[in-house]
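What follows is calculated from the coordinates using simple rules that are stated; it is not laboratory data. Keep in mind that what you see is a predicted model, and the values were worked out from it rather than measured. Heads up, the Cβs are rebuilt from the backbone with ideal geometry, glycines too, and the neighbour counts pull from every protein chain shown.
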Amino acid sequence: MADIPRSDDGLSRWLDQFLSAATDNATALGLSPAELTELGTKITNFKNGLANCTSKEAAAKAATSEKNNARTLILDMVRTLAKRFALLATYTDALGRLLGLIAPASGGGEGAPPPESKPVGKGRALRDFVGEISYEKDKGRAKAVSVYSRRGTETEFTLIGMDVHSPYLDNRAPLVPGKPETREYQLVYRDKNEQEYGVPSDIIVITCAA
């Protein structure tokens, strides 16, 4: 006996051939009308189930994509706000804990990162407007670091990349071609679930030039 296709789509096409040949040769194969009807009904049921499953899979993928996009957008906004809050004279650790931006002194419960988790980094300017940021990982927890930067007239830090192996190289072109520019950086730890934790590093400042 030939191998029956393992994939659902392949099986669906194979069943069409099987039913057509069985119907055309029912007498030679000893198939009764009732058997042909049952065969056709079961094939139709399978095809309907396959179509329904495919539709639900597509809907699930779309819903997951929509959710992931919404998650990215809200986390970007929250991180931007958190950095802005941290620069306010009225911001306190107590406010940070109320907002959930700083873990409680006890550690914040199961899986919560220690509130003092803070990257330590340093930078240096390389040739051709490349900035090099080196850092130490939070051993045992950090999978990577988020790299934030601001330059020129920018007032807020924005995420420019994620890095898993020190150093991180910022090879962006200067805002004004050929003109040296001062860049500021902050690093934030990321855990194995790609979630940021702890507090941002001290600001790292370098001047990049040709």
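Rounded to the nearest Hz, the phi-derived 3J(HN,Hα) couplings of the range 75-89 under the Karplus curve 6.51 cos²θ - 1.76 cosθ + 1.60 (θ = phi - 60°) are 5, 4, 5, 4, 5, 5, 5, 4, 5, 5, 4, 4, 8, 6, 5, where x marks glycine and proline. Within the shell of other residues whose beta carbon sits under 15 angstrom from the beta carbon of ARG172, the net charge comes to -2, with Lys and Arg scored +1 and Asp and Glu -1.
About its Cα centre, the chain has a charge dipole of approximately 780 debye under the convention of +1 per Lys or Arg Cβ and -1 per Asp or Glu Cβ, with nothing else charged. Note on mean projected area of the Cα convex hull in nm²: of the candidates (1) 21.0; (2) 10.0; (3) 13.4, the value calculated from this structure sits at (1).
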